[in-house]
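Enquirer: Handing you this structure, nothing more for now.
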Amino acid sequence: MTKLPFKLLCVTSRLRAFASKLLVLAVVLVSGLALAGESRVAKPAVIIEKADSQCVAPPEEMRRNHMEMLKHQRDKTLRLGQRGAKVSLNGCIECHASKKTGSVLGSGENFCQGCHAYAAVHLDCWDCHQPKAHTKATPAPAAAGAKP
Amino acid sequence: MSETSSSRRRFVGASVAGLGIAVAPGIHLIAAQGPAEPAGASNAKRWGLLVDASKCASGCDACVKACATENGINETVADARQGSQWIRKIDLQDKRTGRQLSLPMMCQHCANPPCVDVCPTGASMKRADGIVLVDRHVCIGCRYCMMACPYKARSFVHQPLTEQNPEVPRGLGCVESCTFCVQRVDRGQTPACVEACPEGAMVFGDLKDPNSAISRRLAQVATTQVRADLGLDTGVRYQGL
């Protein structure tokens with residue numbers, strides 16, 4: 001082995017020290033990750049409120065295909081005016097709204113939220129669609145939008 | 001036989017009958033034939049509205065209130081100019097004679113709607129039965145249609161909403177306008193404004209049916225399309241302008 005110049009020797013020993021620090025850091029990180037793994041988002045609680053009723057399709061089909069069903073149905077209802085179809089967003093809400101809060105949203109225990117939070121799916125449907133079942137239209141206050 | 005296995009057999013039977021081939025639960029190579037689809041809007045009809053302006057009282061806004069209640073237009077807006085107006089009351093005066101007139105103005109449900117022509121996404125649309133709607137699943141909120149409408153009939157929602165009527169979804173970032181209360185019409189009812197008018201000044205019905213109340217009135221009395229010069233063939237007609 002050729003003799004290393006003094007300067008280079010210093011660099012290698014410093015590198016070695018750095019590497020060991022890196023190793024410590026990596027160990028800390030990995031164990032941190034493992035800890036975080038234990039406190040990941042809890043498995044969704046799928047609570048069926050009307051267990052005596054029948055969903056619009058068998059549960060395994062619903063789990064996979066409910067989003068496709070809804071997307072097809074909204075065009076049929078809105079653009080073609082087909083009412084009374086088996087699939088309907090308001091229908092889902094009537095059956096799946098929580099008995100406690102009356103809504104399909106609110107917390108991980110609410111039907112349309114728990115699963116989606118777990119799967120990191122964000123729906124914009126609720127910008128417009130009322131997530132609460134049996135909501136009655138409220139009359140306009142005096143200062144409402146519809147004013148001449 | 002247990003309850004579950006018999007219902008399961010029925011399900012399997014149904015999917016075989018419908019030529020459904022299931023690879024795994026929920027995944028089909030050939031979609032099972034579902035039950036017949038409900039009938040939709042048909043072009044055998046054209047919905048129209050006749051407003052008798054001679055009966056319409058200045059200062060009465062029963063139609064506007066009924067519209068707001070039915071369609072859940074109940075938000076308070078910071079700037080009144082941004083409030084949603086599906087229907088509004090207009091007072092007019094002939095400057096030469098002093099004759100005064102009051103009338104409700106809303107989407108005229110044109111047969112040739114300019115809002116549909118200008119829409120870049122296909123959200124602005126006309127149903128087969130003539131009802132002009134915004135498909136808010138497709139609306140990007142560009143507001144070209146608001147510019148194109150000669151009747152100023154459309155509004156834009158400027159704020160998040162939470163108190164919607166479940167039958168009338170509406171929300172931030174989309175354009176909206178009178179739908180002839182499509183959710184009521186599809187159930188065989190008339191629009192909320194028509195039902196609420198204390199003077200009975202509005203008649204709603206099928207323009208293509210010669211025996212409907214609206215067609216019979218149109219055959220008897222002189223009626224006007226607002227800005228008929230534009231050739232839009234409006235579904236809303238006025239009497240006594």
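The values are calculated or read from the model by the stated rules, or taken from the named source; none is laboratory data. For clarity, every value in this text was computed on a predicted model and none was experimentally measured. Virtual Cβ from ideal backbone geometry, glycine too; neighbours counted across all protein chains shown. Ligands, DNA and RNA are excluded from the accessible area calculation, which covers all protein heavy atoms including side chains. Shrake-Rupley method; radii C 1.70, N 1.55, O 1.52, S 1.80 Å.
Enquirer: Could you tell me how many of the residues in the range A:79-106 are open to solvent by 40 Å² or more (accessible area, probe 1.4 Å) and either of a type in the set (Phe, Trp, Tyr) or within 18 Å of residue B:39 (Cβ to Cβ) (or both)?
Expert: Residues flagged as open to solvent by 40 Å² or more (accessible area, probe 1.4 Å) and either of a type in the set (Phe, Trp, Tyr) or within 18 Å of residue B:39 (Cβ to Cβ) (or both) within the range A:79-106 amount to 6.
Enquirer: Among the residues of the range B:153-212, write down those that are β-branched (Val, Ile, Thr) and modelled with pLDDT of 95 or more.
Expert: Applying the first criterion (β-branched (Val, Ile, Thr)) to the range B:153-212 yields B:157, B:162, B:168, B:175, B:179, B:182, B:185, B:190, B:194, B:203.
Within the range B:153-212, B:157, B:168, B:175, B:179, B:182, B:185, B:190, B:194, B:203 meet the criteria.
Enquirer: Then there's this: Kindly list the number of the only condition in (1) over 17 Å from residue B:163 (Cα atoms); (2) modelled with pLDDT of 90 or more; (3) open to solvent by 70 Å² or more (accessible area, probe 1.4 Å); (4) part of a loop (DSSP other than H, G, I, E, B) that fails for residue A:72.
Expert: Only one criterion is unmet by residue A:72, namely (4).
Enquirer: Could you list all residues from the range B:180-213 that are away from chain A (no Cβ under 14 Å) and in contact with an Asp or Glu (Cβ under 7 Å, 6 or more places away or on another chain)?
Expert: Correct list: B:201, B:212.
Enquirer: Does the range A:107-142 hold any residues that are at pLDDT below 90, open to solvent by 60 Å² or more (accessible area, probe 1.4 Å) and within 14 Å of chain B (Cβ to nearest Cβ), and which are they?
Expert: Passing the criteria: A:134, A:136, A:139, A:142.
Enquirer: Give me a count of the residues in the range A:57-69 that are buried (at least 17 other Cβ atoms within 10 Å of the Cβ) and either touching a residue at least 12 places away in the same chain (Cβ under 8 Å) or within 27 Å of residue B:182 (Cβ to Cβ) (or both). It would help to see each step written out before you state the result.
Expert: Going through the range A:57-69, the residues buried (at least 17 other Cβ atoms within 10 Å of the Cβ) turn out to be A:57, A:61, A:66, A:69.
If we keep only those that are either touching a residue at least 12 places away in the same chain (Cβ under 8 Å) or within 27 Å of residue B:182 (Cβ to Cβ) (or both) too, we end up with A:57, A:66, A:69.
Residues that pass the stated criteria total 3.
Enquirer: Which residues, counting only those in the range B:148-179, are over 25 Å from residue B:38 (Cβ atoms), within 9 Å of chain A (Cβ to nearest Cβ) and basic (Lys, Arg)?
Expert: Within the range B:148-179, no residue meets the criteria.
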